[in-house]
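S.K.: Below: one structure in structure tokens.
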Protein chains: 2
Amino acid sequence: MTTELRDFSRLCIHTITTKPWSLAEATQGYSRAGVAGITVWRDALEPQGAKESGRMLRDSGLEVVSLCRGGFFPAVDEKGRQAAIDDNKRAVDEAKEIGAPLIVLVCGAVPGIPLAEARKQIADGIRTVLPYAESAGVKLSIEALHPMYADCRSAVNTLGQANAMAEAIDSPWCGVTVDVYHLWWDPDLEAEVRRAGRAGNLLSFHICDWRTPTRDLLNDRGLMGEGCIPIREIRGWVEETGFSGYNEVEIFSDAFWAMDQSKFLEKIRDAYLNHS
Amino acid sequence: MTTELRDFSRLCIHTITTKPWSLAEATQGYSRAGVAGITVWRDALEPQGAKESGRMLRDSGLEVVSLCRGGFFPAVDEKGRQAAIDDNKRAVDEAKEIGAPLIVLVCGAVPGIPLAEARKQIADGIRTVLPYAESAGVKLSIEALHPMYADCRSAVNTLGQANAMAEAIDSPWCGVTVDVYHLWWDPDLEAEVRRAGRAGNLLSFHICDWRTPTRDLLNDRGLMGEGCIPIREIRGWVEETGFSGYNEVEIFSDAFWAMDQSKFLEKIRDAYLNHS
């Protein structure tokens with residue numbers, strides 16, 4: 001059921017994937033390579049600010065798919081939680097400025113805070129930011145992170161949890177992101193993808209691969225085809241829900257960041273057509 | 001509801017925890033430290049063989065809690081699957097020889113084999129070995145491994161999956177192991193611990209901690225109290241099922257292996273009483 005990928009019209013790349021490149025280099029590089037979409041990480045906005053970044057992005061002709069990342073809501077005290085709310089509102093401002101219709105949320109976790117409490121703080125945080133996001137025309141997307149990040153990055157670790165949270169929040173401005181790296185191992189994944197689709201909550205789709213061995217918990221993601229994730233099968237489940245958005249390549253990799261990024265982009269294009 | 005740990009009568013240590021020690025050094029060291037139980041890894045048997053190891057263990061007065069590890073059932077061809085069956089039968093022989101009533105199964109996974117197929121091969125493998133284990137009076141325990149090991153160590157990654165598999169196999173000689181390191185992040189953990197208890201399937205309980213940051217996917221486990229796992233809470237859930245077996249300390253850690261192991265054992269004793 002999975003569609004064949006024959007061109008780059010649904011290929012989006014995350015700026016973090018080509019981290020050594022500035023936003024200008026990324027927009028030029030992606031455009032030259034025929035990539036259609038870009039997801040912008042906030043660190044790529046910093047040097048020139050959101051306003052100038054927005055100009056660059058509009059000039060590039062790339063479609064801005066999302067802004068990464070909001071979230072990190074849990075904190076040990078009220079002051080910390082308020083700082084997170086404020087920062088998420090700034091992310092909404094930036095998303096609006098660059099024309100991103102979506103902010104991906106890495107929801108947050110703190111070693112001292114029990115997971116159940118962290119999950120409550122996450123839902124509370126999203127609810128608090130949501131009216132501001134709605135008024136800016138920006139959606140918030142809950143991304144479940146791999147359980148190996150449950151200590152300090154996200155207390156939301158399965159698509160089932162993300163779905164339940166989005167359904168409880170129950171707003172057209174809040175949904176979920178499916179990232180194969182975080183979710184591929186889950187025996188309930190197919191059912192939860194369908195559930196996200198039925199609820200109208202499936203907002204974005206991220207791809208990369210899981211290397212064996214994985215040498216680093218953070219920065220050793222593989223290019224599609226280098227690992228064991230059944231990317232095409234999962235993409236099929238996503239497409240069967242009616243999702244027709246971008247396939248977003250999000251790779252953190254010390255090895256690939258050490259390469260010439262134009263050559264890496266060539267590898268991404270090949271892997272996208274042949275292994276996604 | 002969690003009991004207070006006031007002595008070492010329910011403390012078991014895995015030989016891998018003090019990997020630099022030979023089995024002789026471990027039995028002497030644990031006995032001297034007042035540790036009651038030992039779980040023996042197969043590499044610790046190798047130098048002197050299972051028969052001699054059995055003599056050493058009986059002489060030590062330590063209770064042999066389990067043998068680690070059987071499993072690794074999935075393979076790309078029939079020959080590989082048969083080799084796994086044969087190896088698991090050898091593990092049963094060794095368990096019988098050293099007086100271990102239980103073999104912990106690291107069920108296995110292979111990057112090229114889809115997880116659903118690997119899970120089927122695991123269940124088939126357990127069913128094939130089970131009569132041999134039963135005739136030796138040795139139980140087989142399915143240990144769900146953390147999802148970060150789904151590529152090449154185990155396709156069973158939640159207690160829910162382990163429970164379902166044990167229930168389907170439906171034998172008093174097959175159950176599950178709860179290891180806090182693998183399972184602490186799971187929002188369904190409490191319910192699944194109860195389910196294992198109700199089914200009479202909760203056979204053993206492993207403890208250690210999750211360090212932040214975790215520097216290595218395999219060998220950077222923390223000592224109890226060093227990380228974010230709510231060990232005492234999870235132990236309470238386990239005990240509420242009626243489980244009164246050992247609290248088994250299983251730590252893979254390059255840092256601790258580099259220490260004087262007697263000093264490390266002192267740290268384990270302290271952490272056991274104060275943070276478990």
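S.K.: So which of A:ALA36, A:ALA50 ends up being small (Gly, Ala, Ser), within 17 Å of A:ARG269 (Cβ to Cβ) and surrounded by 18 or more Cβ atoms within 10 Å (Cβ to Cβ)?
M.R.: A:ALA36
S.K.: Taking the range B:53-81, which residues are closer than 22 Å to B:ASN247 by Cβ and part of a helix (DSSP H, G or I)?
M.R.: B:LEU57, B:SER60
S.K.: If B:GLU94 satisfies every condition in (1) within 14 Å of chain A (Cβ to nearest Cβ); (2) open to solvent by less than 60 Å² (accessible area, probe 1.4 Å); (3) farther than 28 Å from B:ALA255 by Cβ but one, which is the exception?
M.R.: (1)
S.K.: Next question, about the same structure. Within the set of pairs 6 or more residues apart or between chains, which connect a residue that is at negative phi inside the range A:1-14 to a residue that is surrounded by fewer than 17 Cβ atoms within 10 Å (Cβ to Cβ) and assigned to a loop (DSSP other than H, G, I, E, B) with Cβ atoms less than 7 Å apart?
M.R.: A:PHE8/A:GLY34
S.K.: So, one more: Under the condition of being more than 7 Å from chain B (Cβ to nearest Cβ) and among the small types (Gly, Ala, Ser), which residue from the range A:149-165 is most open to solvent (accessible area, probe 1.4 Å)?
M.R.: A:ALA164
S.K.: Which residues, taken from the range A:109-156, are under 14 Å from the mean Cα position of the chain (by Cα), farther than 19 Å from B:THR158 by Cβ and not in a loop (DSSP other than H, G, I, E, B)?
M.R.: A:LYS139, A:LEU140, A:SER141, A:ILE142, A:GLU143
S.K.: Six or more apart or on different chains, Cβ under 8 Å: which pairs go from a residue in the range A:72-95 that's closer than 15 Å to A:LEU140 by Cα to one that's open to solvent by 50 Å² or more (accessible area, probe 1.4 Å) and assigned to a loop (DSSP other than H, G, I, E, B)? Could you list them?
M.R.: Here the result reads A:ALA84/A:PHE72; A:ASP87/A:PHE72; A:ALA95/A:PRO101, each pair linking the range A:72-95 to a residue that is open to solvent by 50 Å² or more (accessible area, probe 1.4 Å) and assigned to a loop (DSSP other than H, G, I, E, B).
S.K.: List, please: which pairs have Cβ atoms under 9 Å, are six or more places apart or on different chains, and start with a residue in the range B:130-146 that is free of Cβ contacts under 8 Å to residues at least 12 places away in the same chain and end with one that is open to solvent by 10 Å² or more (accessible area, probe 1.4 Å)?
M.R.: B:PRO131/B:TRP173
S.K.: Sticking with this structure for a sec: Give the range B:112-134 a look and list any residue that's open to solvent by less than 80 Å² (accessible area, probe 1.4 Å) and within 14 Å of chain A (Cβ to nearest Cβ), or say none.
M.R.: B:GLY112, B:ILE113, B:LEU115, B:ALA116, B:GLU117, B:ALA118, B:ARG119, B:ILE122, B:ALA123
S.K.: Taking the range B:53-77 as the region of interest, how many residues are exposed (fewer than 15 other Cβ atoms within 10 Å of the Cβ) and closer than 22 Å to B:GLY125 by Cβ?
M.R.: 2
S.K.: Go through the range A:97-111 residue by residue and tally those that are crowded, with 24+ Cβ neighbours inside 10 Å, closer than 18 Å to A:LYS79 by Cα and either touching an Asp or Glu at 6+ places or on another chain (Cβ under 7 Å) or within 10 Å of chain B (Cβ to nearest Cβ) (or both).
M.R.: Qualifying residue count, the range A:97-111: 1.
S.K.: For the structure I just gave you, tell me whether A:VAL104 is assigned to a strand (DSSP E or B), touching a Cys at 6+ places or on another chain (Cβ under 6 Å) and not aromatic (Phe, Trp, Tyr).
M.R.: yes
S.K.: Tell me which residues, restricted to the range B:196-241, are touching a residue at least 60 places away in the same chain (Cβ under 8 Å) and within 20 Å of A:HIS146 (Cβ to Cβ).
M.R.: Once the filter is applied, which keeps residues that are touching a residue at least 60 places away in the same chain (Cβ under 8 Å) and within 20 Å of A:HIS146 (Cβ to Cβ), the range B:196-241 yields B:ASP209, B:LEU217.
S.K.: Look at the range A:19-47 and say how many of its residues are free of Cβ contacts under 8 Å to residues at least 40 places away in the same chain and part of a strand (DSSP E or B).
M.R.: 2
S.K.: Looking for whichever is farther than 15 Å from A:VAL129 by Cβ and in a helix (DSSP H, G or I) here; the options are A:ALA50, A:ALA95, A:ALA84, A:ALA91. Which one fits?
M.R.: A:ALA50
The values are calculated or read from the model by the stated rules, or taken from the named source; none is laboratory data. Keep in mind the model is a prediction, meaning the values are calculated, not measured. Note that each Cβ is placed from the backbone with ideal geometry, even for glycine, and that neighbours are counted across all protein chains shown. To get the accessible areas, we keep the full protein, side chains included, count just its heavy atoms, and leave off ligands, DNA and RNA. Shrake-Rupley method; radii C 1.70, N 1.55, O 1.52, S 1.80 Å.
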